[in-house]
1. Using a 10 Å Cβ count of at most 14 others and DSSP loop calls, identify the longest part of the chain lacking such GluC sites (Glu not before Pro).
2. Which of the helices in the chain meet the span-like rule: DSSP H, Cα axial reach of 20 Å or more, Kyte-Doolittle mean at least 0.5?
3. Over the residues of the chain, compute the C-alpha Rg and express it relative to 2.2 N^0.38 Å.
4. Picking from Ser67, Ser151, Ser41, which is most flexible by a Gaussian network model of the chain using Cα springs under 10 Å?
5. With runs of 4+ DSSP H residues as the only contributors, calculate the mean residue ellipticity of the chain at 222 nm using -39,500 (n - 2.57) per run, divided by the residue total and rounded to the nearest 500.
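FYI, it's all coordinate maths here, none of it is from the lab. These numbers come from a predicted model, not from an experiment. In this analysis, Cβ positions are derived from the backbone assuming ideal geometry, glycine residues included, and neighbour counts consider all displayed protein chains.
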Amino acid sequence: MDAIEAVYAAAGVTRFAAWVHEGDEAMRGDLERRGYTLDESTRAMGMALYDIRLPRPQIELGPPDWSEYLRIVGVPPGFLRGVDRTAFHVLARLGGETVATAMAFDRDGDCGIYNVTTLERARRRGLGTALTALHVHDVLARGCQTASLQSTKLAERMYAAVGFRDLGRILEYVP
């Protein structure tokens, strides 16, 4: 934790969270002794790609536009400026404009799926489910064996419908 805090301080980062699995009692205790408090939690979920429960969706996609992805997700200007965008697989659903997006990143046989986001006015139409399922089908074709993500309470059932299983809570502690 000393090293993490030093790196953030050197970078001028004043607000951050330390993520720990709910089963890691030792780390939770260390964080609490340092004065960190539980801020929020997400559900860790994963799947073996042979467990895909949905067929490949037939969905109209727009071009993989990094700036549209950042706009929909709502990140601050300049965030992820130095990232190699070609390492990410961005999907966007169009309806005259981008209303839903999702990103994937492959590493060591696992595909991490991030920021599946649908604008409020376009929710409850299956767009998040379709983009997630499409990522899972695409990553299988890219050679990965598993996929993982973190889910809000709101999206847990949607991810389970695709084939993701509960791996426990990720607790987010803040200084």
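1. Maximal segment without exposed cleavage sites: 98-175.
2. Working: long enough: 127-142 (22 Å, 0.80).
Correct list, ordered by number: 127-142.
3. Details: Rg = 17.4 Å, N = 175, 2.2 N^0.38 = 15.7 Å.
So the chain has a normalised radius of gyration of 1.11.
4. Ser67
5. Estimated from H runs of four or more residues: -8500 deg cm²/dmol.
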